[in-house]
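Colleague: What follows is a single structure, and I will ask about it in a moment.
Since every read-out is calculated from the coordinates, none of them should be taken as a lab result. Quantities reported herein were computed from a predicted structural model and do not represent experimental measurements. FYI the Cβ positions are ideal-geometry reconstructions off the backbone, even for glycines, and counts take in every protein chain you see.
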Amino acid sequence: MSGASKKLFIKTYGCQMNVYDSERMASALAPQGYETVDSPDAADLVLLNTCHIREKAAEKVYSELGRLRVLKAEKPDLRIGVAGCVAQAEGVEIAARAPVVDLVVGPQAYHRLPDMLDRVSGGERPVETDFPSEDKFDHLPREKRRRGPSAFLTVQEGCDKFCAFCVVPYTRGAEFSRPSERIEAEARDLVDAGVAEITLLGQNVNAYRDETGTSLGALIGRLARIEGLERIRYTTSHPNDMEDDLIEAHGQEAKLMPYLHLPVQAGSDRILKAMNRKHTAAEYIDLLGRIRAARPDIALSGDFIVGFPGETDADFEDTLRLVETVGYAQAYSFAYSPRPGTPAADRDDVPQQVKTERLHRLQALLSAQQTAFNQNLVGRSLPVLLEKRGRMPGQLAGKSPYLNAVHLQADEALMGRVVTAKIVEVTANSLAGVIAA
Ligand code: SAH
Ligand code: SF4
Ligand code: F3S
């Protein structure tokens, strides 16, 4: 064993795809002698895996770089890299604005990291933000280490939808689906490493279709046959890519969990059109009806933007009405944030105060729906996948099929297993259960 191991700290912002990418970057750097640590203070290399989705997310990067500048003044050998969607969108600008940064690497170029670090040692400050034609995951080594019970697996990247508010098509490039055999092999390796639940990831995961024509529904069917894999989830989906075979899979595939994150963004057809979402509110509600017919207990989740340019009070009321009609188990909502380079960026015309008021009203409604959904689970027995230790001694925490966090008293030996738990209490963000006899 080499004693001269180097320390790597990765700070991850943004969506689950960044979480997955950070794991893959850590694996890619392991052969170079890097082991991960959980603070920048002990690190030889710090990577910020960034998010550009809203203004605040992007600002965090520059304030973190300010803190790292202080650290680097004490430790001149410290290497600092910026990865992720801010790197992709503002690569050259970051290099110019923050001299403390040694390298900038966009999300499609992570397999080039080892080479880029060599170039840094040679005195360069490389910036790699092109979209190479090769699949980065083919060139990123995977570590065969023991894993926790649930894992992410990216199956699709990029987005061709060009919603008028969104940076993702620019930061992640065109839609691309990984070959299904590779995904299957990776899923088997994960299960061998102790994983019981896999969440398939993609910016538009249900647009998945590989070169052999495999759809997401078919891919889920194949993964469901892997022995030892207990649960399958996928996120994030676009309503227009919700194909019949995927809807059917919700009715037929016991391992596919009854939870669907299906963002709609707004309830007004006028705003949906201005957002370039390419569907109406009625079409979305009709689609949910078909999904609920296949899987009546499915928990629905969504994303909403309030204060999109041109949104009137009446448009916003349409959003509230849609939420009332649907009844969400949980959801995310955001005030519109103009993003450089997107079509809506220069039309930001709803005053901040109005955005904030609308956001509070929407969040109050969504949170009441979430509480109602959770209350309904009290007294029921649910399968819970135990994933980690809870806060209290003797307590373990896991997830219900509906993605609720569930806390219960259980023996550590049950970690990684699915137990049946009776739900006894609902707290703000989680459920309390007892193992059913
Ligand atoms: N691919 C996914 C998620 C994209 S980003 C999808 O199609 O739904 C996650 C969420 O961030 C979006 O669903 C949207 O609600 C929100 N979002 C994206 N751009 C935004 C912006 N400019 N301002 C506010 N919220 C935004
Ligand atoms: Fe962004 Fe729309 Fe693509 Fe989702 S579908 S990533 S919101 S452009
Ligand atoms: Fe953010 Fe990029 Fe994900 S902008 S939400 S990290 S795809």
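Colleague: Could you let me know the centre-to-centre spacing of the stretch 80-112 and the stretch 415-434, using Cα atoms, in angstrom?
Modeller: One Cα centre to the other: 42 Å.
Colleague: On to the next question. Students often forget the sequence filter, so: which lysines lie under 19 Å Cα-Cα from residue 355 once same-chain residues fewer than 8 apart are removed?
Modeller: Here the lysines satisfying the reach criterion relative to residue 355 are 56.
Colleague: Using the 4.7 Å Cβ rule, please list in number order the cysteines from the chain without any candidate partner.
Modeller: 15, 51, 85, 159 - these cysteines have no disulfide-compatible partner (Cβ-Cβ under 4.7 Å) in the chain.
Colleague: List the pair-distance distribution P(r) of the stretch 381-435, using every Cα-Cα distance, as the percent of pairs falling in each 10 Å bin from 0 up to the bin containing the longest distance, rounded to whole percents.
Modeller: For the stretch 381-435, the pair-distance distribution reads 29, 63, 7.
Colleague: Straight-line reach only, C-alpha to C-alpha below 13 angstrom: list the aspartates and glutamates that residue 144 could link to, leaving out same-chain residues fewer than 8 apart.
Modeller: 23, 186, 189, 192
Colleague: Expressed in nm to one decimal, what extension gain is obtained for the pair residue 389 and residue 63 from 0.36 nm per residue of sequence separation less their Cα-Cα distance?
Modeller: On the way: separation 326, 0.36 × 326 = 117.36 nm, distance 3.27 nm.
Roughly 114.1 nm would be gained on extension.
Colleague: Moving on. Can you tally the net charge around residue 174? Count Lys and Arg as +1, Asp and Glu as -1, for every other residue whose Cβ sits under 10 Å from the Cβ of residue 174. Walk me through the numbers on the way to the answer.
Modeller: Values: positive: 172; negative: 157, 160, 175.
Net charge around residue 174: -2.
Colleague: Excluding same-chain residues fewer than 8 positions from residue 255, which aspartates and glutamates have a Cα within less than 15 Å of its Cα?
Modeller: 197, 227, 230, 297
Colleague: Per residue, how big is the convex hull of the stretch 145-375 when only Cα atoms are used? Give it in Å³.
Modeller: Details: hull volume 30.1 nm³, N = 231.
Roughly 130 Å³ of hull volume per residue.
Colleague: If one computes the Cα centroid of the stretch 1-65 and of the stretch 312-335, what distance in Å separates the two points?
Modeller: For the stretch 1-65 versus the stretch 312-335, the Cα centre distance is 36 Å.
Colleague: Another one. Using a Debye calculation, one point per C-alpha and no hydration shell, please list log10 I(q)/I(0) for the chain at q = 0.14 Å⁻¹ in order.
Modeller: Reported log10 I(q)/I(0), two decimals: -1.48.
Colleague: Using the crude model of +1 on Lys and Arg Cβ and -1 on Asp and Glu Cβ, and no other charge, please compute the dipole size for the stretch 88-160 relative to its Cα centre, in debye to 20.
Modeller: Values: 10 positive and 14 negative charges, 118 e Å.
Around 560 debye, computed over the stretch 88-160.
Colleague: Normalized C-alpha radius of gyration of the stretch 239-322, against 2.2 N^0.38 Å? Before the final figure, lay out the partial values.
Modeller: Working: Rg = 14.0 Å, N = 84, 2.2 N^0.38 = 11.8 Å.
In units of the 2.2 N^0.38 Å rule of thumb, it is 1.18.
Colleague: Follow-up question, since we're still on this one. Points 7 angstrom from Cα along the Cβ direction at residue 409 and residue 212: gap in nanometres?
Modeller: Reported label-point gap for residue 409 and residue 212 is 5.0 nm.
Colleague: A further question on this structure: Counting other beta carbons within 10 Å of each Cβ, put 392, 242 in order, fewest first.
Modeller: Details: 392 10, 242 19.
Least crowded to most crowded, the residues run 392, 242.
Colleague: Neighbouring Cβ atoms within 10 Å as the yardstick, rank 308, 165 fewest first. Numbers along the way, then the final one.
Modeller: Numbers: 308 28, 165 25.
If I rank by nearby Cβ atoms, fewest first, I get 165, 308.
Colleague: Taking each pair of distinct Cα atoms in the stretch 6-128 once, what is the resulting Kirkwood hydrodynamic radius in Å?
Modeller: On the way: mean 1/r = 0.0710 Å⁻¹.
That comes to 14.1 Å for the stretch 6-128.
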